[in-house]
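Structure record follows, encoded as structure tokens.
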Amino acid sequence: MLKIGCHLSSSKGYESMGKTAVSIQANTFQFFTRNPRGTRAKEIKMEDVKRFLELAKEHKIAPVLAHAPYILNACSKDERLRNLARDTMADDLKRMEYIPGNLYNFHPGCHVGQGMETGISFISDMLNQILDPAQHTIVLLETMAGKGSEVGGRFEELREIMDRVEQTDHVGVCLDTCHVWDGGYDIAGHLDDVLTEFDRVIGLDHLKAVHLNDSRNPLGSGKDRHAKIGEGYIGAEALARVVRHPALKTLPFYLETPNELDGYAREIAFMRREWEKDN
Ligand code: FE
Ligand code: FE
Ligand code: ZN
């Protein structure tokens, strides 16, 4: 069965997200660990965790994907901001242990003029400080559009970070279809070539999740603005080919399209029909 879900608000806790996912025929979901533009975290309620774990088991909801607040910058120029990113993510990973066996995604960061090499070394240093051999979460580097001084717009940059991480079995990659498209990887016209390139540079075995988004901008625009499936430049057919691709079809897919629940439900239903054509 296709693993697909969408981004959900975490304001009412885990059980509420699980129920919402089930109501739209999703069997996974993504959520922010805390306010995406802030760093304050909500208290974890054990009763909520327990009820969610039961629901997740019953409805085979797994793995869920936690997303770090995107204001965090592990390669900021400012040491205090780098430490804030490190401490916040370390705390998130501790909290993830309440729901073990899931995924945690973050934007590698912006090097803000310090250069790609400096950015990459700050990010890998941070990962080496926060990854714990005993943890039950895989931390994912998200492929970025390469906007401004973003690290992660090229597969090589993610490879370079991963090469410097000691706990290799605790890191992986989340491929965002809008971001790679905006970064110049033609997943609509040359999906096989892009995946061959991903495999050559990073290794498809490190790909653990896909953010499934259309893009408001043409190939290589370097922008990062998500569109609903079929309302952007990538198109519904091309995104269905991503979901159905033999190298990807068992991965979890997460919609981050500008939708309300009913729109997500329609996109999930569409992708399920497409996936079932050859499965
Ligand atoms: Fe993201
Ligand atoms: Fe994304
Ligand atoms: Zn994005």
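The values are calculated or read from the model by the stated rules, or taken from the named source; none is laboratory data. Everything numeric in this text was worked out from a predicted model, so none of it was measured. Neighbour counts run over all protein chains shown; Cβ positions are idealised from the backbone, glycine included. Areas reflect the complete protein model, heavy atoms only, side chains present, ligands, DNA and RNA absent. Shrake-Rupley method; radii C 1.70, N 1.55, O 1.52, S 1.80 Å.
Exactly one residue out of VAL194, VAL173 is touching a residue at least 24 places away in the same chain (Cβ under 8 Å) and among the aliphatic types (A, V, I, L, M), and it is VAL173.
Return the only residue of ALA134, ALA56, ALA62 being surrounded by fewer than 20 Cβ atoms within 10 Å (Cβ to Cβ) and under 21 Å from CYS6 (Cβ atoms). Before the answer, list the steps.
Working: ALA134 fails: under 21 Å from CYS6 (Cβ atoms); ALA56 fails: surrounded by fewer than 20 Cβ atoms within 10 Å (Cβ to Cβ).
Only one candidate passes the filter, namely ALA62.
Taking the options ASP205, ASP193, name whichever one is open to solvent by 10 Å² or more (accessible area, probe 1.4 Å), part of a helix (DSSP H, G or I) and either within 16 Å of ligand 1 (Cβ to nearest atom) or under 21 Å from THR28 (Cα atoms) (or both).
Working: ASP193 fails: either within 16 Å of ligand 1 (Cβ to nearest atom) or under 21 Å from THR28 (Cα atoms) (or both).
Within the list ASP205, ASP193, the selection yields ASP205.
Please go through region 18-40 and pick out each residue that is open to solvent by less than 40 Å² (accessible area, probe 1.4 Å) and touching a residue at least 40 places away in the same chain (Cβ under 8 Å). Listed by number, the residues that qualify are GLY18, THR20, ALA21, ILE24, ALA26, THR28, PHE29, GLN30, THR33, ARG34.
For region 155-164, the criterion of being open to solvent by less than 10 Å² (accessible area, probe 1.4 Å), closer than 20 Å to LEU248 by Cα and touching a Lys or Arg at 6+ places or on another chain (Cβ under 9 Å) is satisfied by at least one residue.
For the structure I just gave you, tell me whether GLY189 is within 21 Å of PRO69 (Cβ to Cβ) and modelled with pLDDT of 95 or more.
Working: within 21 Å of PRO69 (Cβ to Cβ): no; modelled with pLDDT of 95 or more: yes.
It is false that GLY189 is within 21 Å of PRO69 (Cβ to Cβ) and modelled with pLDDT of 95 or more.
Out of curiosity, is GLU156 in a helix (DSSP H, G or I), within 19 Å of VAL173 (Cβ to Cβ) and not polar (S, T, N, Q)?
yes
Scanning region 28-60 for residues that are under 20 Å from ASP176 (Cβ atoms) and either out of contact with any Leu (no Cβ under 9 Å at 6 or more places or on another chain) or not hydroxyl-bearing (Ser, Thr, Tyr) (or both) returns PHE29, GLN30, PHE31, PHE32, THR33, PRO36, ARG37.
Return a yes/no flag: does region 185-208 have any residue that is within 12 Å of ligand 3 (Cβ to nearest atom) and not aromatic (Phe, Trp, Tyr). Can you show your working first?
Filtering region 185-208 for residues within 12 Å of ligand 3 (Cβ to nearest atom) gives none.
No, the conditions are met nowhere in region 185-208.
The residues in region 220-259 that are hydroxyl-bearing (Ser, Thr, Tyr), closer than 16 Å to CYS174 by Cβ and open to solvent by 20 Å² or more (accessible area, probe 1.4 Å) can be counted, and the count is 1. In the set (1) among the polar types (S, T, N, Q); (2) farther than 20 Å from GLN167 by Cα; (3) in a helix (DSSP H, G or I), the condition left unmet by SER124 is number (2).
Would you mind finding the one in ILE202, ILE229, ILE187 that is touching an Asp or Glu at 6+ places or on another chain (Cβ under 6 Å) and aliphatic (A, V, I, L, M)? Even if it seems obvious, please write down each step before you answer.
Details: ILE202 fails: touching an Asp or Glu at 6+ places or on another chain (Cβ under 6 Å); ILE187 fails: touching an Asp or Glu at 6+ places or on another chain (Cβ under 6 Å).
Just a single option satisfies the conditions, and that option is ILE229.
In the set LEU103, LEU140, LEU127, which member is surrounded by 18 or more Cβ atoms within 10 Å (Cβ to Cβ), away from ligand 3 (no atom under 16 Å from the Cβ), aliphatic (A, V, I, L, M) and touching a residue at least 60 places away in the same chain (Cβ under 8 Å)? Result of the check over LEU103, LEU140, LEU127: LEU103. When the residues of region 170-190 are filtered to those that are in a helix (DSSP H, G or I) and within 14 Å of ligand 2 (Cβ to nearest atom), the one that is nearest to GLY101 (Cα to Cα) is THR177. Residues that are touching a Gly at 6+ places or on another chain (Cβ under 7 Å) and within 13 Å of ligand 1 (Cβ to nearest atom) within region 154-190 comprise just one, ASP182.
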